Structures are given as structure tokens and as C-alpha cells.
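The values are calculated or read from the model by the stated rules, or taken from the named source; none is laboratory data. As the structure is a prediction and not an experimental result, all values here were calculated from the model. Don't worry about glycine lacking a Cβ; one is built from the backbone with ideal geometry, like all the others, and counts go over all protein chains shown. The area values use the complete protein model at the heavy-atom level, side chains included, leaving out ligands, DNA and RNA. Shrake-Rupley method; radii C 1.70, N 1.55, O 1.52, S 1.80 Å.
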Amino acid sequence: MSQSNRLRIAIQKSGRLSSESIALLKAIGIKLQIRDRLLIAHSTNQPIDLLRVRDDDIPGLIMDGVVDLGFIGENELEEKMLERRASKKAHEFKTLRRLDFGGCRLSIAVPTEFKYDSVASLNGKKVATTYPYLLERFFAEKGISAKAVMLTGSVEVAPRAGVADAICDLVSTGATLEANGLREEDEVFVSKAVLIQKSEDLSPDKQALITRLLPRIDGVLQAKESKYIMLHAPKNYLEQVKSLLPGAEDPTVLPLAGINDRVAIHVVSSETLFWETMEKLKALGCSSILVLPIEKMMG
Ligand code: ATP
Ligand code: MG
């Protein structure tokens with residue numbers, strides 16, 4: 001593949017999505033050499049280049065067809081899509097996978113003294129946000145006439161500064177809201193990181209590479225949700241033991257050398273084994289109960 005035919009992937013340069021985006025790329029076998037100050041990073045074992053930018057730029061780069069793939073929070077993606085659609089700019093993209101990081105919610109929060117019964121309490125009020133399109137869509141759906149005031153930063157201090165009556169901002173734990181004397185009230189949008197692709201067709205080589213990488217991503221995501229469970233069980237209680245194992249349709253049952261009344265059971269489970277279940281297994285006479293993490297999976 002020539003240089004121009006290298007797959008271009010946009011990731012956030014530094015912030016909440018960077019390290020997990022890079023970790024996922026590494027986990028699917030892409031070797032990367034990232035130098036902190038550089039915009040571009042090349043893979044040393046795949047025809048892939050990373051473009052490291054502010055997350056705000058990623059949806060536009062995809063929608064303008066400048067990069068092939070991007071890791072981005074759905075909040076940012078949806079906001080930019082609405083904004084570009086309103087100004088009649090290209091706003092197409094394909095979502096390839098919803099990922100297991102970057103989880104947060106865009107929520108309305110009010111100062112503790114604000115009397116909030118429902119979203120209707122915001123009628124005639126000003127709400128500061130970095131996501132005016134998402135917020136205005138929410139107001140339109142609920143039939144509220146409130147004003148979205150755009151702020152690109154320090155949204156949480158807007159009520160205290162007298163700039164707005166309430167805010168609409170990203171929340172994960174709620175600690176920042178609390179620290180600023182704000183109370184979370186309504187959820188406007190729930191978000192996770194996603195992997196997106198530009199909408200125009202890619203060259204067959206690039207598309208073939210993506211088609212090879214996606215099952216690896218699925219394998220990594222699935223592995224993180226799964227556990228490998230091993231235990232020794234009395235043969236007489238095999239059915240009871242199986243019924244206690246979560247998501248264990250086809251456990252592997254193996255003989256134990258020199259022991260006739262006990263077997264080893266191995267199973268890949270989509271759930272973890274809780275202490276309570278382990279205690280029940282023990283009470284049935286099971287021993288050597290192990291719950292192991294799985295690194296990779298392929299069906
Ligand atoms: P940049 O300099 O790239 O523009 P930023 O300040 O806009 O960075 P970050 O704070 O790094 O962005 O957040 C990036 C994304 O991480 C958010 O758009 C959101 O999708 C996700 N995220 C997850 N949890 C949170 C949270 N508690 N607060 C804000 N964003 C969060
Ligand atoms: Mg940003």
C-alpha cells in the first residue's frame with residue numbers, strides 16, 4: 001500500500017477518550033509509536049496513520065471525508081451532526097461500533113435553591129451549555145420555550161456568574177455539579193464513545209483492513225465482559241452445579257486423573273461469578289473454584 005492509501009484514524013489528542021482509544025487500537029494488534037507533540041502517529045505494523053486532534057474536530061473530519069475512521073463521544077458527534085445539518089454542510093457518517101468507554105450523560109442541573117418540579121420549570125429561563133443543538137432539540141421535544149446560552153467552557157459557574165439560570169452539561173459522577181452547588185434534574189442525552197467511518201466508499205484495500213479489524217474489536221469488547229470459570233465438582237451434583245453457573249450453556253466437563261467421583265468443569269461466562277454463587281457451589285462440594293479474566297476471544 002502506498003503512503004496515500006494508509007487508513008487514517010482520528011483520535012482525541014489528549015483528554016478523556018485518548019488513552020482508551022489508543023488502548024483499544026493496541027489491543028487489536030496495531031503497533032503505534034506516539035510522540036506527544038506530534039499531530040500524526042504512524043503504525044509500525046499496519047498501513048494506518050493516527051491523526052491526533054481536539055475531539056471537537058473529529059466529527060467534521062469524518063463528515064468532510066478527510067479521515068476514514070474516528071473515535072468520538074456520541075454527544076459531540078450528535079451535536080456536530082445537528083449543527084452541520086442546520087447549516088446545510090455535509091453531515092453523513094457510519095457508526096461502526098458503540099464502545100465500552102467514555103460513558104457520560106448530558107444533563108440539566110440547577111442551583112440548589114432553584115425550585116424544579118419538571119422540565120417545564122425552565123420555561124422562560126436561560127440554560128448555559130456547550131451543546132445548544134442537543135439542548136434545543138430536547139426543549140422542542142418537550143414543548144419548552146427556554147433559551148440555550150452557548151458557553152465553550154466553565155459552564156458550571158454560569159448560574160453563579162449570573163449568565164444563566166441553569167446549565168446543561170456532561171456528568172459522569174456528579175461530583176463537579178455538587179462542588180458547584182448544582183443539582184442534576186433531567187437527562188438530555190446519554191453518551192458513549194463510538195467508532196465511526198466516513199460515508200463515502202473507501203478503497204478496497206482500506207475497506208478490507210477495516211473488515212479484518214472489526215471482529216478483533218468485537219473480540220476485545222466481548223472478552224472484557226466475559227470470564228473463564230474453572231472448578232472441581234462432585235459428579236452426583238453435576239446438574240445442580242451447572243444450573244448455578246451464569247450463562248453456562250455448554251460447560252466442558254473433564255475427568256480428573258485418579259479421581260472417579262469428581263470432575264473438572266470449565267466454562268466461558270458472559271457474567272462474573274458472584275461470591276454468593278461461589279459459596280453455594282462450595283456448599284455443594286465444589287472446590288478449586290477459579291474466575292479468570294479473558295484477554296481475547298474469537299468465535
Ligand atoms: P478537547 O481538548 O479534545 O476538546 P474536551 O475538553 O472537549 O477535550 P474531554 O473533557 O476530554 O473533552 O471529554 C471528551 C469526551 O469524553 C466528552 O465529549 C464525552 O464524550 C466524554 N466524557 C466522559 N465522561 C465525561 C465527563 N464526566 N465529563 C465530560 N466528558 C466526559
Ligand atoms: Mg472538545
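Summary of computed values
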quantity	calculated
Residues being among the aliphatic types (A, V, I, L, M), over 20 Å from residue 206 (Cβ atoms), within 17 Å of the chain's Cα centre (by Cα) and within 16 Å of ligand 1 (Cβ to nearest atom) - total across region 1-45	3
Meets criteria (crowded, with 17+ Cβ neighbours inside 10 Å, closer than 27 Å to residue 11 by Cβ and in contact (Cβ under 8 Å) with a residue 12 or more places away in the chain) for residue 153	no
Pairs, first among the hydroxyl-bearing types (Ser, Thr, Tyr) in region 159-172, second in a strand (DSSP E or B), C-beta under 9 Å, six or more apart	172/104; 172/105
Residue satisfying all of: in region 72-94; aliphatic (A, V, I, L, M) and not in a helix (DSSP H, G or I); farthest from residue 22 (Cα to Cα) among these	90
Residue in region 92-110 that is most open to solvent (accessible area, probe 1.4 Å), counting only those that are touching a strand residue (DSSP E or B) at 6+ places or on another chain (Cβ under 6 Å) and away from ligand 1 (no atom under 16 Å from the Cβ)	94
The one condition in (1) within 16 Å of ligand 2 (Cβ to nearest atom); (2) assigned by TED's automatic domain parsing to the domain that holds residue 25; (3) in contact (Cβ under 8 Å) with a residue 24 or more places away in the chain that residue 131 fails to fulfil	(2)
Residue match in region 229-236 (condition: assigned to a strand (DSSP E or B) and within 16 Å of ligand 2 (Cβ to nearest atom))	no
Among (1) under 30 Å from residue 64 (Cβ atoms); (2) in contact (Cβ under 8 Å) with a residue 40 or more places away in the chain; (3) open to solvent by 20 Å² or more (accessible area, probe 1.4 Å), the one test that residue 204 misses	(2)
Those residues of region 99-128 which are in contact with a Cys (Cβ under 9 Å, 6 or more places away or on another chain) and either more than 16 Å from ligand 2 (Cβ to nearest atom) or within 16 Å of residue 163 (Cβ to Cβ) (or both), in sequence order	107, 108, 109, 127, 128
Filter result for residue 85 (assigned by TED's automatic domain parsing to the domain that holds residue 28, in contact with a strand residue (DSSP E or B) (Cβ under 6 Å, 6 or more places away or on another chain), among the charged types (D, E, K, R) and open to solvent by 50 Å² or more (accessible area, probe 1.4 Å))	no
Hits in region 38-71 (condition: assigned to a strand (DSSP E or B), of a type in the set (A, V, I, L, M) and within 26 Å of residue 153 (Cα to Cα))	51, 53
Pairs where the first residue, in region 5-16, is within 11 Å of residue 72 (Cα to Cα) and the second is more than 10 Å from ligand 1 (Cβ to nearest atom) and of a type in the set (S, T, N, Q), C-beta under 7 Å, 6+ apart	11/21; 12/21
Some residue of region 236-243 being more than 30 Å from residue 258 (Cβ to Cβ) and open to solvent by less than 40 Å² (accessible area, probe 1.4 Å)	no
Residue under evaluation residue 298, criteria (1) at pLDDT 95 or above; (2) hydrophobic (A, V, I, L, M, F, W, C); (3) part of a loop (DSSP other than H, G, I, E, B), criterion not met	(1)
Restricting region 52-67 to residues that are more than 10 Å from ligand 1 (Cβ to nearest atom) and under 19 Å from residue 97 (Cα atoms), the residue that is most open to solvent (accessible area, probe 1.4 Å)	61
Subset of region 15-43 (residues that are open to solvent by 30 Å² or more (accessible area, probe 1.4 Å), polar (S, T, N, Q) and at pLDDT 95 or above)	19
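One line per residue, one yes/no per condition, for (1) of a type in the set (Phe, Trp, Tyr); (2) part of a loop (DSSP other than H, G, I, E, B):
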| position | (1), (2) |
| --- | --- |
| 101 | yes, yes |
| 105 | no, no |
| 134 | no, no |
| 145 | no, yes |
| 161 | no, yes |
